[in-house]
Every structure is written in structure tokens, then in C-alpha cells.
């Protein structure tokens, strides 16, 4: 069978300072499974093939009722026409990676754009967004035939085998399909999770433009090195109300064998010259015996690498012994994800975090010279002004303990999460139009922040965002004065160690480009 896998271009606000992204790890796993099964594969990574390309949204049909700055809505990557032109004419199955809800408006447009040009190909989609809302995905498209729900490696092989044998693919486990009579979604039984994740084939990066990701330093971590993403575990045993993980992965937590992970790292080092790894695990460090075995193996093999945890991890396991091993094995950045500094909010969102323990873990990590990043969410439903002030005080404590960076995000109700379902029931999310999906694109933009919290108006969050940043970074420089001079040095030399420095460098770079453009226009008129 000839299969074409597509990572769509990305919807974004063109005023975003940093175009954050990373290689498509999930799609690379799917390509690896298909490769092992002996199928002919083409991968079109619309972002990776043209990472700096920005195009206006164009004539994509939208049903908008909210007042949103559509003139700022752009596509990052190849256009729909450029993607379609790269699809082999003899393709049998086209698979679209539909991961994020803030990209759904382009994803659905691309599905139908391609479907009209390849009417004989089976059109499938997978990823977190279609897993969370497959009925809507099928309802809002004309050409989407099948949605793969949850883990896709086993399901895609069964589906392709069924098509190859001219059997009905609509009856296999783990999918939602279009009813040929009604056009509505039909659901098959959910597939059992893969337990032995070491048996999953390695990501097939040879089908992806890895060189572009390295050239343009497109990654989530902060280290300026050749970086690729990895997964060491799958799933998360917790059920935070804002997270869609329980629906996508379930709450069973599986860890790869440390030796198997290192084998993948060594392959990437040899093949692509990778020296740094971003671990994209939902909860990378949960069991002390496992992380000690993993770090000891890296130390034993004397791998000349660094690695980061840019997504977020638990703090309970990171004691002095673990922190020491993390640094010795090359780990340089650890991200903690408390989300809030308010005990009442943590309880409300079922985030099982003990603030004193996390502060102690941050202090221990700092002593071992680990860069610590703190993930926070503002605007969670039920949050009060008092909760926000508790969070600001918590951030000051984090800076005193050695925290070096924060990533503040505005609450986005992820489809598939408990909070999303609650907001739909309350009528605060209306899926009869496209406002929700567009608001997710603009959720971090000044003046267009959408609030789902009745206690604090949206305008307050821009103020609290600035205040939180000032409190945290001000505390960091006050309690650790050498950091201030190091940041000045890094910015002057064009280097960065933390996200604040990277954002400032990107900001100055953007302003410099705009100034050059303005001077050029003036000279042209002269």
C-alpha cells in the first residue's frame, strides 16, 4: 500500500514573537510502524519543509461571531496547494495528524482540499484533537473517512491491512468512521493500550526534514544545540481536570527500558549529529528506581550529551540523589508543573501537588546546577484574585529557592478534558460556530485573551501576567545577583539559557528587522 502521512501547517497569530514548535514525534512513530510493516510511505511535514514561511489565512471558510483580529491569522508552513502538490498521484491512504484544537480550522480545510483532489484515497486522521471530538471532526468535513482514537501504531497497521485485503476497515477497534448512509460518526470499541512500549518501532525520522529543524533551532527546550524529541514513557496516572491525557492515553503509566531509550539516543547522535534531547513525556519522572537506572546507564556509557524536560514533571522523586544523577547524566533543564500556587485551586483542578515539597525539590535541583522552569496556568475556572496573589507569592518563593524560568499560559479548555465538558454543559463553549477554535489561536495575544473564569475579568490577566513575571524574575535576580549579569552577557552575545533571554533576543531581532524594512521604504521613496 502507498500511504502519505501529512503534518499540516500551523495556525498562529503573526504577532507571536517566537514560532515555537518541534519535530512531529507522534507522526514519526506512525511512520515507524508502517515502515516496519513494509508499506510504501511518503511524509509531508508542512512545517518542517518550510518552517519560516508565513501566509495569510486566505479564503478558508470560517463561521465567526466573535470580534477577533482575523488580519493577524496566518499559516506557518506550506500552503494547502503546496501540500497537495507533494502527494503521490498513486496514493491509497492519506493520513492527517490533527493534534491540536487551535489548528483544527486549517486541518479540516486541508482534509477537504486534499479529499477533492484525491477522491479515491482513504482519508484518515489521528491525534489528540480528533480523539477528543471525532463526531465533530467527521461532521465538519466532507472527506474524512476514519478517525484513529488514542495510540495509533497498532490501529494504523490493522486499518491498512484491511484496505489491502479489500476488507471493511470500518470495523476494526480504535476508530470512529463515517456512516456511509447518514454521514454521521460510528464508533468501534476502543483499543487496549500498548503495554510493552519497547516493542513499538522507533520513530522513522528519515522521512522528515530533520535538517531544517536543526538549522532553524526549532525545539521546545532552551539549550542551543542540535536537539530532537524523545518519549521515555507513555500515559499519566493522574486525572487533572484541565488535561486531555486520560482520554488520549488513559491513566495507565508505562515506562520504556532505559537501555532501549539510550539505543534510540545513540542512533540519533550517529545519524543526525544530535547532542541534546527534549523529553516530551507527560510525566517523565515518577519512579526513583527507573530514573536512577536511566541516568546511571548514561553515566556508565559516558555519552557526551545533554537532555531537557521542557514539558513538565513531578517533583516528589527529585531529591538530592536524583538531582545529582540528573546533572551528571547531562540533564540541564527540569520543568516543574504546579500550574497554581493556591492550595484551594490545586485541589479544585485535582492537581496532586504539595507546595512545600515542590519548593524543596526546586532548591535541591538548583544546588545541583539544574535550570528549573515553572509552568503556570492563569484563568482556570474558579480562580479568584486571592488565588492569583497566592500564586505570585509562590513564584517569589520559587525564585528564592533557585527557580530560573517560568512559562505562563492562559487556560485553554482542551477537548477531552473534564473542564472542557463542564464548560460545554454550562454553555460557555459553543461549537456551533468557529469562535472557540479561533480563540485558542489568539489566547495569549494582548487584548484578545479569552477568559472562562467568572471571578476575574479577562483584562486583569494581562496585568497579572506582567506582575508575575516581574515578581519571579525580579526575585531571581535579587536572590541570585550573578544571574542578572549572566543574562546581560547572554543577550549581548546573542546567547540564551532561559526563555526570558530567548524572548528578549527574538523581540530585539524582530524590531531590528522592522527598522530595516522601514528605512528601506524611506530610501525607496527618496
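The values are calculated or read from the model by the stated rules, or taken from the named source; none is laboratory data. Just so we're clear, the structure is a prediction, and the values are computed from it rather than from any experiment. Don't worry about glycine lacking a Cβ; one is built from the backbone with ideal geometry, like all the others, and counts go over all protein chains shown.
Here residue 325 meets each of (1) more than 24 Å from the chain's Cα centre (by Cα); (2) within 19 Å of residue 253 (Cα to Cα); (3) buried (at least 17 other Cβ atoms within 10 Å of the Cβ) with one exception, condition (2). Summed over the stretch 276-313, the residues that are in a loop (DSSP other than H, G, I, E, B) and touching a strand residue (DSSP E or B) at 6+ places or on another chain (Cβ under 9 Å) give a count of 9.
When the test is whether a residue is assigned to a helix (DSSP H, G or I), in contact (Cβ under 8 Å) with a residue 60 or more places away in the chain and either touching a strand residue (DSSP E or B) at 6+ places or on another chain (Cβ under 8 Å) or on the phi > 0 side of the Ramachandran plot (or both), residue 78 does not pass it. For residues that are touching a helix residue (DSSP H, G or I) at 6+ places or on another chain (Cβ under 9 Å), part of a helix (DSSP H, G or I) and surrounded by 14 or more Cβ atoms within 10 Å (Cβ to Cβ), tally how many sit in the stretch 252-265. Number satisfying all stated conditions: 5.
Residue 275 satisfies every condition listed in (1) under 19 Å from residue 223 (Cβ atoms); (2) crowded, with 20+ Cβ neighbours inside 10 Å except (2).
When the stretch 304-322 is filtered for residues that are surrounded by fewer than 19 Cβ atoms within 10 Å (Cβ to Cβ) and more than 21 Å from residue 282 (Cβ to Cβ), the ones remaining, listed by number, are 304, 306, 319, 320, 321.
The set of residues from the stretch 53-82 being farther than 11 Å from residue 14 by Cα and at pLDDT below 90 comprises 58, 59, 66, 67, 68. Where the second residue is modelled with pLDDT of 85 or more and part of a loop (DSSP other than H, G, I, E, B) and the first is closer than 20 Å to residue 404 by Cβ and lies in the stretch 214-226, which pairs have Cβ atoms under 6 Å and are six or more apart or on separate chains? Every condition considered, the pairs that remain are 219/22; 220/22; 225/275.
Conditions (1) surrounded by fewer than 24 Cβ atoms within 10 Å (Cβ to Cβ); (2) over 23 Å from residue 102 (Cα atoms); (3) in contact with a helix residue (DSSP H, G or I) (Cβ under 9 Å, 6 or more places away or on another chain); (4) not assigned by TED's automatic domain parsing to the domain that holds residue 361, marked per residue:
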| position | (1), (2), (3), (4) |
| --- | --- |
| 381 | yes, no, yes, no |
| 385 | yes, yes, yes, no |
| 390 | yes, yes, yes, no |
| 393 | yes, yes, yes, no |
| 396 | yes, yes, yes, no |
| 401 | yes, yes, yes, no |
| 404 | no, yes, yes, no |
| 416 | yes, no, yes, yes |
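Considering the stretch 389-428, the residues that are assigned to a helix (DSSP H, G or I) and in contact with a strand residue (DSSP E or B) (Cβ under 7 Å, 6 or more places away or on another chain) include one that is nearest to residue 241 (Cα to Cα), namely 391.
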